[in-house]
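Here's the structure, in structure tokens; my notes come after.
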Amino acid sequence: DGFEGLGYRMSVLPAEAFFADYVILVEGPSEEMLYRTLASQLKIDLDRLNISVLCVNGVDFVTYIKILEAMEIRWSVRTDNDEIAVPRTNQIRYAGIERGIDCFLASNEFDDDEDERLFNEHRKHLRYTDKNNIPQEVTDAVAWFKKFLDRYYIEIADVDLETDLYKSCLHDTLNEYYDPDNKMKGEDVVEAMKKHKAINMYQFLKAKKDKLYLLKNDKIATPLVDARNVIEDLYGSDSDSE
């Protein structure tokens, strides 16, 4: 059943994912390139640890999670914190949080009744109508779900990959690369990063990959650190790991 659920994705799913001990699922090729390069710069040897970084080419994480669960392969998710207008209404929904919820429900059970109660209560408050006046219960629900999902290795970005990178310790490096003449606003730099995302990411990493070590303590690096820790807890560490 798990294999049949993959459908056409069978032809594009890398063979390495089938034999990995741990798979980090990301949205697209720019995230995949970043995490593979970041792992190298942080001295996290993905091959030695048998960790795979796999882009789902969109946001359909659940299909991939089901096949990984069927094969008893550990996994984690990194996805954007999208906010999307609900068609034919005046509401905006936290689509990224809802995506994380779907990932949790595809593979996990609640640890206790209180978690389940809070989950169901907060889930009612993931929509709003006025961005300038978001109700407190909505803000509280988003904060609760981020912490809850983190426990299950489902990481929701603060905004999206490009914005989170710009707000990180890579801020000066990104300005230097995209705006050497210091003429752009921060939001303009982020928009430039989002144009032709994969090509931009490749070119940026080619020029500035040595600066990625600055992310070693940033939330962006968490999926890699978590993956390494899980594998080393399972199989032990050796002198090559840091």
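The values are calculated or read from the model by the stated rules, or taken from the named source; none is laboratory data. These numbers come from a predicted model, not from an experiment. Neighbour counts are summed over all protein chains in view; Cβ atoms, including those assigned to glycine, are modelled from backbone coordinates with ideal geometry. When the accessible area is computed, the model is the full protein with side chains, heavy atoms only, and any ligands, DNA or RNA have been set aside. Shrake-Rupley method; radii C 1.70, N 1.55, O 1.52, S 1.80 Å.
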In the set Tyr152, Tyr177, Tyr235, which member is under 25 Å from Ser52 (Cα atoms), touching a helix residue (DSSP H, G or I) at 6+ places or on another chain (Cβ under 8 Å) and hydroxyl-bearing (Ser, Thr, Tyr)? Tyr152
Hits in the stretch 151-181 (condition: free of Cβ contacts under 8 Å to residues at least 60 places away in the same chain and under 26 Å from Gln91 (Cα atoms)): Glu162, Thr163, Asp164
Those residues that are loosely packed, with under 14 Cβ neighbours inside 10 Å and over 30 Å from Leu49 (Cα atoms), I need them from the stretch 70-102; list them, please. Ile84, Ala85, Val86, Pro87, Arg88, Thr89, Asn90, Gln91
Among the helices (runs of 4 or more DSSP H) contained in the stretch 12-66, which hold 3 or more residues that are modelled with pLDDT under 95? 15-18
Examine the stretch 183-202 for a residue that is touching a helix residue (DSSP H, G or I) at 6+ places or on another chain (Cβ under 6 Å) and farther than 28 Å from Cys103 by Cβ, and state whether such a residue exists. yes
Test result for Glu121, closer than 20 Å to Val56 by Cβ and among the charged types (D, E, K, R): no
List the helices (runs of 4 or more DSSP H) that sit entirely inside the stretch 140-237 and contain at least 1 residues that are open to solvent by 70 Å² or more (accessible area, probe 1.4 Å). 171-178, 186-194, 197-208, 222-235
